[in-house]
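Asks: Right, I'll just put the structure down here and ask away after.
The values are calculated or read from the model by the stated rules, or taken from the named source; none is laboratory data. Note that the structure is a prediction, hence the values are computed from the model and not measured. No Cβ is skipped: glycine too gets one built from the backbone with ideal geometry, and neighbour counts run over all protein chains shown. Ligands, DNA and RNA are stripped out before the accessible areas are found, and what is left, the full protein with its side chains, is counted by its heavy atoms. Shrake-Rupley method; radii C 1.70, N 1.55, O 1.52, S 1.80 Å.
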Amino acid sequence: MNGHPGKPGSLSKALFPTVDKPLDIECVADYPILAETYAAWLNLCDPDPPDTIDPVLIPPRALSHMMLVDLDFEQKDATVRLAGTTACDLYGREMRGISVHDFFDEEDGPLVLASLFSAACEGRPTLAKRSHISIAGLPWSYTRLILPYHKRAGRCEKIAKVVEPETLTRITGKS
């Protein structure tokens, strides 16, 4: 076991390896909720990423699939500021205050953090297909959009992450 309660051992990791496949941002049009959220984010940019993300300006159907994350560049960590009901339901409890290190193992954590910090430093959104074994030990696949905001000293310090619900799938076997 890798030290995380409920996480699978190396056999499951071998059967369901982590995948983080970047997609061209133009592909966001293929995902209705992500496309609406991306359009709302673009409307907030003038020309830089917005300082804040007002939930009133986000499409209502995206809110339960959204997570707001604070980045800590010094500690090389990210902490959930606010999570929609979908993420909390999958996690099994409120996610506010949870570190990336608390819900991803030592292989997945650095991949997630690299995606978050890259988007934050570049100030540009990213789109990716992702699959991994969840904190509950279940393999999941989904498409996610990362939107950086709160720019300070040339980099964004916060991230909005949204999952397209139609792509959120528990993997039941290899195809």
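Asks: Quick one: how many residues across the stretch 99-122 are assigned to a loop (DSSP other than H, G, I, E, B) and crowded, with 20+ Cβ neighbours inside 10 Å? Give the derivation first.
Replies: The first filter runs over the stretch 99-122 and keeps only residues assigned to a loop (DSSP other than H, G, I, E, B), leaving 104-107.
Next, from what is left, pick out any that are crowded, with 20+ Cβ neighbours inside 10 Å: 104.
Of the residues in the stretch 99-122, 1 are assigned to a loop (DSSP other than H, G, I, E, B) and crowded, with 20+ Cβ neighbours inside 10 Å.
Asks: Looking at P50, P32, which one is over 25 Å from L168 (Cβ atoms) and touching a residue at least 40 places away in the same chain (Cβ under 8 Å)?
Replies: Details: P32 fails: over 25 Å from L168 (Cβ atoms).
Just a single option satisfies the conditions, and that option is P50.
Asks: A follow-up question, please. Which one of these does S64 not meet: (1) open to solvent by less than 70 Å² (accessible area, probe 1.4 Å); (2) touching a strand residue (DSSP E or B) at 6+ places or on another chain (Cβ under 7 Å); (3) not in a loop (DSSP other than H, G, I, E, B); (4) not aromatic (F, W, Y)?
Replies: All conditions pass for S64, except number (2).
Asks: For the stretch 7-55, give me the residue count where each residue is outside any helix (DSSP H, G or I), open to solvent by less than 40 Å² (accessible area, probe 1.4 Å) and either at pLDDT below 95 or not aliphatic (A, V, I, L, M) (or both).
Replies: To start, the set of residues in the stretch 7-55 that are outside any helix (DSSP H, G or I) comprises 7-9, 16-24, 31, 45-54.
Keeping just the survivors that are open to solvent by less than 40 Å² (accessible area, probe 1.4 Å) gives 7-9, 18, 23, 31, 45, 49-50, 53.
Restricting the remaining residues to those that are either at pLDDT below 95 or not aliphatic (A, V, I, L, M) (or both) gives 7-9, 18, 31, 45, 49-50, 53.
Number satisfying all stated conditions: 9.
Asks: Can you find even one residue in the stretch 107-130 that is of a type in the set (F, W, Y) and at pLDDT below 95? Give the derivation first.
Replies: Of all residues in the stretch 107-130, those of a type in the set (F, W, Y) come to 117.
Those still in the list that are at pLDDT below 95 too: none.
No, every residue in the stretch 107-130 fails to be of a type in the set (F, W, Y) and at pLDDT below 95.
Asks: I'm trying to understand the selection: among the residues of the stretch 77-96, which are open to solvent by 50 Å² or more (accessible area, probe 1.4 Å), outside any strand (DSSP E or B), of a type outside the set (S, T, Y) and free of Cβ contacts under 8 Å to residues at least 40 places away in the same chain?
Replies: Passing the criteria: D89, R93, E94, R96.
Asks: Filter the stretch 75-97 down to the residues that are among the β-branched types (V, I, T) and within 13 Å of the chain's Cα centre (by Cα), then identify the one that is farthest from V162 (Cα to Cα).
Replies: So the first thing to find is which residues in the stretch 75-97 are among the β-branched types (V, I, T), and the list is 79-80, 85-86.
Now narrow it down to the ones that are within 13 Å of the chain's Cα centre (by Cα): 79-80, 86.
Numbers: T79: 15, V80: 13, T86: 10 Å.
Only one residue tops the list, namely T79.
Asks: Being within 17 Å of D77 (Cα to Cα) and within 8 Å of the chain's Cα centre (by Cα) is the filter here; which residues of the stretch 139-163 pass it?
Replies: I146, A160, K161, listed by residue number.
Asks: Any idea which residue in the stretch 123-169 is surrounded by the fewest Cβ atoms within 10 Å (Cβ to Cβ), counting only those that are in contact with a His (Cβ under 7 Å, 6 or more places away or on another chain) and part of a strand (DSSP E or B)? Working first, answer last.
Replies: From the stretch 123-169, those in contact with a His (Cβ under 7 Å, 6 or more places away or on another chain) are 135, 140, 156-158, 162-163, 165; that's our starting set.
Restricting the remaining residues to those that are part of a strand (DSSP E or B) gives 140, 156-158, 162-163.
Values: W140: 18, C156: 24, E157: 16, K158: 23, V162: 26, V163: 25.
Among those residues, the one meeting the criterion is E157.
Asks: Oh, and also: Could you please let me know if M66 is within 12 Å of the chain's Cα centre (by Cα) and not β-branched (V, I, T)?
Replies: Working: within 12 Å of the chain's Cα centre (by Cα): yes; not β-branched (V, I, T): yes.
Considered against the rule, which asks whether it is within 12 Å of the chain's Cα centre (by Cα) and not β-branched (V, I, T), M66 comes out as yes.
Asks: Separate question: Of G97, G109, G123, G84, which residue is small (G, A, S) and closer than 23 Å to F16 by Cβ?
Replies: Values: G97 fails: closer than 23 Å to F16 by Cβ; G123 fails: closer than 23 Å to F16 by Cβ; G84 fails: closer than 23 Å to F16 by Cβ.
Result of the check over G97, G109, G123, G84: G109.
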